[in-house]
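The values are calculated or read from the model by the stated rules, or taken from the named source; none is laboratory data. Quick caveat, the model's predicted, so the values are computed rather than measured. Because the Cβ atoms are built from the backbone with ideal geometry, glycine has one as well, and the counts that use them run over all protein chains shown. For accessibility, only protein heavy atoms count, side chains too; no ligands or nucleic acids. Shrake-Rupley method; radii C 1.70, N 1.55, O 1.52, S 1.80 Å.
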Amino acid sequence: MMEMLSEADLRRESRGLVTMPGRIRHTINRRSEVAIADLSRLGCRIVGPVDVSIGSTLFVRLDQLAALRTTVRWRSGTSLGLEFDTPLYLPVLEHLLRHWPPLPDWQRSRGSHAFWQKPFDISEPTQV
């Protein structure tokens, strides 16, 4: 009998939780504000009202970094799993995880990703 693997088992690398505003570009004319909910060197999970197919190419902006080319690997509701074409450098990942901490558990559990619906001020990271 075949054993079912969890999503975490299928990942090549663990992800750190963050609460970071982001922007994605679907096409030259289509852009969306999203929330980055977790992050690793190889990819991220975004949350937001984005209508794209698995396999689509998106460009995502994390913090003040240049746009990164990604491929949509999965989608579930308003969440998308993106794989970076070029992995993040470890010092960049560590910086982002330090400066954009996750929401407290009580805020994350208040509803289905309500944090991405509020407007973000992307000029300043969340301070803890």
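Observations
- Qualifying residue in region 105-119 (condition: open to solvent by 30 Å² or more (accessible area, probe 1.4 Å), modelled with pLDDT under 85, hydrophobic (A, V, I, L, M, F, W, C) and within 16 Å of Pro21 (Cβ to Cβ)): yes
- Leading residue by the ranking (nearest to Val18 (Cα to Cα)) among those in region 47-87 that are at pLDDT 95 or above and among the acidic types (Asp, Glu): Glu83
- For region 73-81, the criterion of being in a loop (DSSP other than H, G, I, E, B), crowded, with 16+ Cβ neighbours inside 10 Å and among the small types (Gly, Ala, Ser) is met by no residue.
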